[in-house]
């Protein structure tokens with residue numbers, strides 16, 4: 001599963017010019033993306049192993065697998081900063097504040113074919129009681145025409161951030177800005193894990209049966225790193241305002257993010273924690289700033 005490039009947005013409101021160049025800023029960054037993919041065996045001799053289902057299941061092979069992964073990333077920042085001019089060509093702005101992180105991941109995988117082949121249902125024949133030929137003994141073997149695995153990780157956390165913003169005037173209204181921000185957010189993660197089998201019973205009945213339904217609550221700290229580079233151009237807007245157009249590149253990295261479950265070797269038990277991974281978000285940015 002690979003994410004494709006998509007759009008997000010970032011809104012900031014800044015109140016500056018009080019208490020000797022101090023500024024107060026509040027911002028909201030939002031990025032939502034979906035990834036989906038599918039793969040299947042090219043011939044009858046090839047097999048896809050069902051690796052995400054619980055190891056106690058006897059259903060280990062599939063002919064086709066389809067997956068979908070949703071990511072929702074929202075950040076709210078409240079910053080206090082103060083600009084200081086080092087020289088004519090360099091301005092530094094230290095930043096300190098609070099960060100609120102909302103991170104939701106939803107993954108769904110569907111397996112069909114092979115051990116989940118619904119066609120084998122028609123090959124079953126009723127069995128007759130040898131002591132009473134007129135009595136039909138139903139074959140109660142369970143047949144499955146598919147399986148679905150759902151992972152849902154919903155994180156909410158609050159923490160501190162600190163950073164440094166630099167500005168280099170280039171002349172003719174152009175300038176270059178660089179931003180470095182480090183943050184650590186602590187909060188709770190609500191984790192849900194489901195496995196469903198579509199079951200056929202007694203030749204005619206079909207139902208979805210949950211075989212795993214686990215919900216957990218964890219408390220996790222997530223370190224974050226954010227680096228940005230921007231090229232801007234500004235001009236006067238009306239009599240007391242300025243318009244600044246900005247284009248740049250942004251990279252955000254998150255560590256210790258709760259994600260997929262990993263199993264114990266036991267038949268019935270599952271692990272009591274989620275697998276931690278990293279998430280990286282990067283891409284081009286463009287925007288406009290109005291200053292009054």
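For residue 61 and residue 213, a Förster radius of 22 Å and the Cβ-Cβ distance give a FRET efficiency of 0.35, rounded to the nearest 0.05. Each of 252, 85 has some number of other Cβ atoms within 10 Å of its Cβ, and from fewest to most they run 85, 252. Rounded to the nearest whole angstrom, the semi-axes of the ellipsoid equivalent to region 1-87, taken from the Cα gyration tensor as √(5λ), stand at 52, 13, 11, largest first.
Take each peptide in 240-246, 190-196, 168-174, count the other Cβ atoms within 10 Å of every residue, and average; sorted highest first, the result is 190-196, 240-246, 168-174.
A simple spin-label model places the labels of residue 279 and residue 242 3.5 nm from each other, with each point 7 Å out along Cα-to-Cβ.
For residue 26 and residue 288, FRET efficiency with R0 = 22 Å and r from the beta-carbon atoms, rounded to 0.05? Taking R0 as 22 Å, the efficiency between residue 288 and residue 26 is 0.80. Computed from the C-beta positions of residue 5 and residue 43 and an R0 of 41 Å, the FRET efficiency is 0.75 to the nearest 0.05.
Read-outs: derived from the displayed coordinates by stated rules, not from any lab. Small disclaimer: the values here were computed from a predicted structure and weren't measured. So basically every Cβ, Gly included, is an ideal-geometry build from the backbone, and we count neighbours across all protein chains shown.
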